[in-house]
Amino acid sequence: MTLPLYGTASQSARFSDKARSVLRLRSIDSAAERHVADFALAKTPDDIRRATEADWPSILVVSDGPIDLPSTFTGRLVAVSPKYDYLADGDVIGFDHASRKFRTLYRRNSAHNSFLVTERCNNYCLMCSQPPKDVDDRWILSEIKESLPLIDRATRALTFTGGETLSDWEEFTEVLKECRDRLPATAIQVLTNGRAFSDSRIVDAWKDIGHPNLMAAIPVYASVDHVHDHVVQAKGAFDETILGILKLKDRGQRVEIRVVLHALTAPIIEDTGRWLARNLPFVDHVALMGLENTGFAIANDAMLWMDPVDYGDGLARAVDHLSAAGVNVSIYNLPKCVLPKSVWPHALQSISDWKNGFVEECDRCDEKNTCSGFFTTGRPRFSRGVRAITAQRNELTTLADWPRN
């Protein structure tokens, strides 16, 4: 099941003329100093009564029921459906006053928090999970800057994603400087196509951010330029991307290379792994990633789908090449049962918790607790190799009755 992170509030009241606000949810009994953005989180009539008695000036109610507020309450109110019952103390949401639309921006109890920076991009990847839009969405950066002071300083990791996160690179580097000052202990990962770093002004600005745990995660889909350029639908992208990676490493910056595996990239993954091992062994991490079948990947399904069991051997050899070169390599988004056993130590639980699920067969699998499972977004595709891993291998069962599409 996919956790709903977007929605429309059923009620709202007493917001200013400002177009949007960022709200932080607080337990009614919280003793922390109150911020102007704080809303008491109420889920029952008794919670509402206690919130008003505790003089909370703003309340967010998670309920479909009637909201019985005393006439003396003159503060801000937001009401949302019970399907957002996961909202908890410390969570942050963005709220549009006119439309009452909201987005959950940050969940304090989650290890998988990410901020969408923009929907604009100068690549047009065939399998893009967030198809780009040519819109003026620069207000998102302002919303992120407003959110950062509200985030728990103990947050272990934050990801910034897009679109191309460096579309407005000057404003975005200011956001990353805010992270440096407010969240110095948090691992900051920025998903970018890396092309902007071919511009020395931008890579120098990135270096000057000076966050102690900042990583640029950059896709390289093949060792052959025209294959990479075809996947991202941008001629010359490969050269710019590689130049950007070289400039980042020349300035001592941390870089992760990402390779998404599908029918255009998986058959040559051994060559790609060998090329990365020989030419970019100094990168900090390489992630070989299963395909999320959503966004453009659904439209291009006939072109892109390849059963992971059909590229498992090549994937294992790519891991061998990278490991032999001393490169830290991981496999993301692929369940262990479809992978050769030799690469299981590299297969991580990588899918964000809000879109991660398992199928019934997984309930009797010995490896479930250390397995990535599946995406629940889009139109999930299941390998014919999915099956429970048990101590008695001869009792493995196939998924003959499972949907393949």
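The values are calculated or read from the model by the stated rules, or taken from the named source; none is laboratory data. Computed from a predicted structure; not experimentally measured. When we count neighbours, we look across all protein chains shown, and the Cβ atoms used for this are built from the backbone with ideal geometry, even at glycine. What goes into the accessible areas is simple: the full protein's heavy atoms, side chains included, and nothing from ligands, DNA or RNA. Shrake-Rupley method; radii C 1.70, N 1.55, O 1.52, S 1.80 Å.
For this structure, a couple of remarks:
- Distance between modelled label sites at residue 200 and residue 27, nm, 7 Å Cα→Cβ extension: 5.4
- Calculated FRET efficiency for the pair residue 55/residue 391, C-beta based, R₀ 60 Å, to 0.05: 0.55
- Of 43, 18, 247, the order by accessible heavy-atom surface (1.4 Å probe, DNA, RNA and ligands excluded), from most exposed downward, is 18, 43, 247.
- A 1.4 Å probe over all protein chains sorts 68, 363 by accessible area into 68, 363, starting with the largest.
- Panel values: region 1-42, Kirkwood radius from alpha carbon pairs, Stokes-Einstein at 10 °C and 1.306 mPa s, translational diffusion coefficient 125 µm²/s.
- Subtracting the Cα-Cα distance of residue 112 and residue 349 from 0.36 nm times their residue separation leaves 84.2 nm of extension gain.
- Long-range amide H partners of residue 112 with built H, under 5 Å: 353
- Residue 86 paired with residue 370, simple spin-label distance in nm, labels 7 Å along Cα-to-beta-carbon: 2.6
- Taking the Kirkwood radius as Rh and the Cα radius of gyration as Rg, region 1-134 has a ratio of Rg/Rh equal to 1.02.
- Both radii were evaluated on the Cα set of region 265-341; the Rg over Rh quotient, with Rh as the Kirkwood radius, amounts to 0.99.
- Over all orientations, region 262-405 has a Cα convex hull whose mean projected area works out to 8.9 square nanometres.
- With contacts taken as Cα pairs under 8 Å and at least 6 residues apart, region 31-79 reaches a relative contact order of 36 percent.
- Residue with peak Gaussian network fluctuation, the chain [Cα springs, cutoff 10 Å], from 69, 25, 280: 69
- Calculated FRET efficiency, residue 44 to residue 170, Cβ-Cβ distance, R0 = 35 Å: about 0.15 to the nearest 0.05.
- Exposure rank, largest accessible area first [241, 44, 72; 1.4 Å]: 72, 44, 241
- Solvent exposure of region 197-344 as accessible area per residue, Å², 1.4 Å probe: 38
- Length gained when the stretch residue 13-residue 68 is fully extended (0.36 nm per residue, less Cα-Cα span): 18.4 nm
- Principal-axis tilt of helix 237-250 within the chain, Cα atoms, nearest 10 degrees: 80
- Along its principal axes, region 169-286 has C-alpha extents of 44, 25, 23 angstrom, given from the largest down.
- Surface composition of region 133-284: carbon and sulfur atoms hold 46% of the protein heavy-atom accessible area at a 1.4 Å probe.
- Remark: relative contact order (the chain) = 12 percent; criterion is Cα-Cα distance under 8 angstrom and separation of 6 or more residues.
- Net charge over other residues, Cβ less than 10 angstrom from the Cβ of residue 287 (K, R count +1; D, E count -1): 0
- Size of region 2-81 as Cα extents on the principal axes (Å, biggest first): 33, 27, 25
- When the P(r) of region 155-236 is calculated, the portion above 17 Å amounts to 49% of the C-alpha pairs.
- Radius of gyration and Dmax over the Cα atoms of the chain, both given in Å: 23.0, 71
- Label sites at residue 207 and residue 6, each approximated as a point 7 angstrom past Cα along Cα to Cβ, lie 3.9 nm apart.
- Applying the Karplus relation 6.51 cos²θ - 1.76 cosθ + 1.60 with θ = phi - 60° to region 203-211 yields 3J(HN,Hα) values of 5, 5, 5, 5, 4, 5, 4, x, 6 Hz, where x marks Gly and Pro.
- Contact order relative to length of region 99-228, as percent, for alpha carbon pairs under 8 angstrom and 6 or more apart: 23
- Structure note, pairs 341/368; 18/145; 177/247; 18/207; 145/207: Cα-Cα distances above 24 angstrom occur for 18/207.
- Using the Cβ-Cβ distance between residue 298 and residue 328 with R0 set to 30 Å, the FRET efficiency works out to roughly 0.40.
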